[in-house]
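Below is one structure; the comments refer to it alone.
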Amino acid sequence: MKLKDLNGIPALAISELGEKTIRGLTSDSRQVERGFLFAALKGSKADGVAYAADAVARGAAVIVTSRGAKLGNVSVPIIYVDDPRRTLALAAASFYKLQPDVMVAITGTSGKTSVASFTRQIWAQAGFASASIGTTGVVSPKRDDYGSLTTPDPVELHRLLRELVEEGVTHAAMEASSHGLDQRRLDGVRLFAGAFTNLGHDHMDYHATVEEYHAAKLRLFTELLPKGAPAIIFADDPFSKPTIAAAEQAGCTVLTVGRKGDFITLKRVEHERFRQHVEVHIAGEIFEITLPLAGDFQVANGLVAAGLAMASGVPAAAAMRGLERLKGAPGRLDLVGATEDGAPAYVDYAHKPDALENVLTSVRPFTTGRVIVVFGCGGDRDKGKRPMMGEIATRLADVVIVTDDNPRSEVPATIRAEILAAATGAREIADRRAAIQEAVAMMKTGDTLIIAGKGHEEGQTIGDVVLPFSDHVEVAQALKDRLAREKGA
Ligand SMILES: CC(=O)N[C@H]1[C@@H](OP(=O)(O)OP(=O)(O)OC[C@H]2O[C@@H](n3ccc(=O)[nH]c3=O)[C@H](O)[C@@H]2O)O[C@H](CO)[C@@H](O)[C@@H]1O[C@H](C)C(=O)N[C@@H](C)C(=O)N[C@H](CCC(=O)O)C(=O)O
Ligand SMILES: Nc1ncnc2c1ncn2[C@@H]1O[C@H](COP(=O)(O)OP(=O)(O)OP(=O)(O)O)[C@@H](O)[C@H]1O
Ligand SMILES: N[C@H](CCC[C@H](N)C(=O)O)C(=O)O
Ligand SMILES: [Mg+2]
C-alpha cells in the first residue's frame with residue numbers, strides 16, 4: 001500500500017512521500033520489518049523515540065512521531081503529528097480496510113465483557129454472524145481465542161477486524177477500556193453504536209482523578225461515535241446522568257435502559273437461585289422473561305446488550321427471546337459446582353470494589369447460611385482498591401479469606417496487609433490453592449462460596465513468572481476432595 005492511501009497522515013507529508021510503499025505498521029520497534037511505518041510513541045514506561053534507530057535498522061520506511069520529539073539523526077523520513085497514537089489508529093484502519101458492517105463498543109467500569117458476550121449471543125440468535133472482542137478473548141462462529149488486553153492495540157485490532165470480515169462476520173461487539181480509549185486504540189473503528197454500563201473505582205493508578213477516568217470513558221460518545229449514532233446508557237448508575245448529558249450534547253441518539261430507562265424500562269425482578277424473572281416495558285409492550293443467570297447486575301448487563309441489539313435492527317421480541325437463552329461470560333458469577341447438600345461455589349471476576357459489592361449483594365437473597373468469600377488484589381495495580389475491597393468483604397460476607405491474586409512485582413504479604421487493615425476478622429491464607437481448599441472444606445448447608453478476582457484467568461503472576469492456575473480447576477478439585485473425604489468418613 002502507498003503512504004498516500006493511509007488515513008491520518010498530514011497532507012504535506014503525503015505530497016512529499018505519498019508514493020512510498022508501506023508494508024505494515026507497528027509501535028514496537030521489535031516488530032518492525034522492511035518497509036514498515038514505525039510510530040514512535042511516548043509510553044508509560046519508555047519513549048518509543050529511543051527505539052527509532054532500532055526500527056530503522058530493522059527496515060522501517062518512515063517514522064511517525066509527535067511534534068517536538070527529538071529523534072536525532074535517522075536515515076528515513078520523519079512525519080511529525082499532533083497525536084501519533086491517533087494517527088497510528090487511523091492508518092491501521094485504512095491499511096487493513098475491512099471492518100464488520102455493524103461495530104459496537106461498550107465502556108464502563110464493570111460489565112463490559114458480559115455485555116459484549118451477551119450482544120454477540122443475541123445477534124447470533126437473530127441470525128447474524130457475530131463476534132465479541134475483549135478481556136476473555138475473541139469469540140466468533142469460527143473461533144474462541146483466549147485474550148489478554150481488554151481493548152487490543154490498534155494494529156492488532158484492525159488485523160483482527162479484517163480477519164473477522166474474511167470469516168464472514170457482519171456484527172461485532174468490543175470492549176472499550178479507559179486505557180484503550182485514552183490511548184486512541186479505537187480511534188479508527190467505524191462504530192455504529194456505543195454503550196455505557198456504570199462507573200466505579202478502578203485504574204486510579206493510571207487516571208489522576210475520577211473525573212479524568214470518566215472523561216476517558218466519555219471519549220467514546222464525545223469523540224468516537226458519529227453524530228446521531230445510538231448511545232445505549234444504563235440509567236440507574238450514579239454516573240448515568242452526566243454520561244447521558246455528555247452523549248446528548250455530542251449529538252448521539254441516547255437510548256436509556258434500566259428502572260429509570262425509557263428505551264427498555266425495567267419494572268420488576270424476582271430472584272431465584274440460578275435465574276431471575278424480569279418484567280420490562282418496551283414502547284408500550286410488556287415482556288415477561290426468565291434470565292437464566294444469577295446476579296442483579298446481569299439484569300443490567302442483559303438490558304444494555306438487548307438495547308445494542310435492538311438499536312442495530314433486532315426486533316424487541318427477538319432480543320427478549322435472546323435474553324432467555326444467554327450463557328454467562330466465562331468466570332462471571334460462574335457456577336463451578338456444589339457440595340453434596342447443594343451449597344453452590346462460584347468463580348467471579350470481581351477485582352474492584354463495586355464489582356465485589358455487587359456480587360456479594362447478589363448472592364445474599366438466596367443464601368440461607370453464610371456467604372464465604374476468598375479474594376486478593378493484584379500487584380502493580382491501583383492500591384486504593386485494597387482497603388476498599390477489604391471493607392466491602394467484611395461488611396457483606398460472613399467469612400472472609402484474603403489470599404494472593406497476581407502479586408506481580410510487589411511483595412505479596414504487603415498487598416494482603418493493605419487489604420487486611422480494613423478487613424477486621426478476616427483470615428489470611430497466602431497460597432490461593434490452600435485458601436480455596438479451606439473455604440470449600442468449611443461449607444455447610446445453605447452457604448454460598450464466592451472465589452473472586454481471577455474469573456477466566458489461567459495463571460497466577462508472581463514476579464515475571466506466570467504459573468498455571470485456574471480458580472475453576474481448583475474449586476472443582478476441592479469439591480472432589482471434599483466428597484472423597486465425606487465418603488471415606
Ligand atoms: C499502561 C498501558 O496501558 N500500556 C500499554 C501501552 O504501552 P506503553 O505505550 O505505555 O508502552 P511502554 O512500555 O511505555 O513503551 C513505549 C513505546 O516504546 C515501544 N518500545 C518499547 C521497547 C522496545 O524495545 N521497542 C519499542 O518500540 C513500545 O512498543 C511503546 O510503543 O500501549 C501498549 C500497546 O498498545 C500496550 O500493550 C500496553 O499495555 C500494557 C501491556 C498493559 O498492561 N496494559 C493494561 C494496563 C491495559 O491496557 N489494561 C486495559 C484495561 C483493563 C480492564 O480493566 O479491562 C485493557 O484494555 O486491557
Ligand atoms: N453491571 C455490573 N455492575 C456491577 N458489577 C458488575 C456488572 N457486571 C459485572 N460485574 C462484576 O464485575 C465483574 C467483571 O465483569 P465483566 O468482566 O463483565 O466486566 P468488565 O467491565 O469487562 O471488567 P474488566 O474491566 O475487568 O475486564 C463480574 O465478575 C462481576 O463481579
Ligand atoms: N484488566 C484488569 C484485570 C485484573 C485482574 C486481577 N486478577 C488482577 O490481577 O489484578 C487489570 O489488569 O487491572
Ligand atoms: Mg472486560
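On the basis of the beta-carbon distance and an R0 of 25 Å, K142 and A283 show a calculated FRET efficiency of 0.10. When you filter the chymotrypsin sites (Phe, Trp or Tyr not before Pro) in segment 112-178 for DSSP loop state and at most 15 other Cβ atoms inside 10 Å of their Cβ, you are left with Y146.
Label-to-label distance, T170 versus L98, with points set 7 angstrom from Cα along the beta-carbon direction: 1.5 nm. Each principal axis of the Cα atoms in segment 259-390 has its own extent, and those three values, largest first, are 46, 39, 24 angstrom. Among F366, F36, F375, a tally of other beta-carbon atoms within 10 Å of each Cβ gives an order, fewest to most, of F366, F36, F375.
Evaluated over the Cα positions of segment 284-338, the convex hull gives a direction-averaged projected area, one quarter of its surface, of 4.4 nm². May I have the count of lysine pairs in segment 309-463 with C-alpha atoms under 26 Å apart, counting pairs 8 or more residues apart or located on different chains? Taking segment 309-463 as the scope, the lysine pair count is 8.
For V466 and T21, FRET efficiency with R0 = 45 Å and r from the beta-carbon atoms, rounded to 0.05? Here the calculated transfer efficiency is 0.70. Of the trypsin sites (Lys or Arg not before Pro) found in segment 262-339, the ones in coil according to DSSP and having at most 16 other Cβ atoms within 10 Å of their Cβ are R273, R275, R325, K327. Neighbour counts of C-beta atoms inside 10 Å place V359, V399 in the sequence V399, V359, starting with the fewest.
Which net charge results when you count Lys and Arg as +1 and Asp and Glu as -1 among the other residues whose beta-carbon is under 11 Å from that of T150? Taking every Cβ under 11 Å from that of T150, the sum is +1. When the alpha carbon gyration tensor of segment 1-62 is reduced to an equivalent ellipsoid, the three semi-axes, largest first, read 21, 13, 9 Å.
Oblate is the label for segment 59-99. Its Cα gyration tensor axes, ordered a ≥ b ≥ c, give a/c of at least 1.5 and b/c at or above a/b. In plain terms, the chain from L335 to A489 could stretch by 52.8 nm, reckoned as 0.36 nm per residue minus the Cα-Cα distance.
Counting only Cα atoms, the chain measures 80, 57, 40 Å along its principal axes, largest extent leading.
Among the listed pairs K45/K227; K97/K227; K4/K97, a Cα-Cα separation exceeding 24 Å is found for K45/K227. The value of relative contact order for segment 419-489, using C-alpha pairs under 8 Å at least six residues apart, is 28 percent. Across segment 119-273 the C-alpha pair distances fall into 10 Å bins from zero in the proportions 10, 35, 37, 17, 1 percent.
Separation of segment 1-43 from segment 63-141 is 17 Å, based on Cα centroids.
Ranking of Y349, Y206 by neighbouring Cβ atoms within 10 Å, starting from the fewest: Y206, Y349. Taking 7 Å steps out from each Cα toward its Cβ at E212 and A441 produces label points 4.6 nm apart. Take the Cβ atoms of T424 and K480, set R0 to 41 Å, and the FRET efficiency comes out at 0.80.
Computed over the Cα atoms of segment 100-142, the ratio of the radius of gyration to the Kirkwood radius (Rg/Rh) comes to 0.94.
Calculated mean residue ellipticity at 222 nm for the chain: -10000 deg cm²/dmol, from DSSP H runs with n ≥ 4 weighted as -39500 (n - 2.57), summed, divided by the residue count and rounded to 500. Using the alpha-carbon centroid of each, what span in Å lies between segment 401-453 and segment 288-317? Here the answer is 33 Å between Cα centres.
Counted residue by residue at 0.36 nm each, then reduced by the alpha carbon distance between them, the extension gain from D380 to R433 reaches 16.9 nm. The share of alpha-carbon pairs in segment 89-197 lying farther apart than 24 Å comes to 11%.
Read the figures in this text as sums done on the coordinates, not as results from a lab. Here the structure is a predicted model, which means the values were calculated and not measured. Note that we place each Cβ from the backbone using ideal geometry, even for glycine, and neighbour counts take in every protein chain shown.
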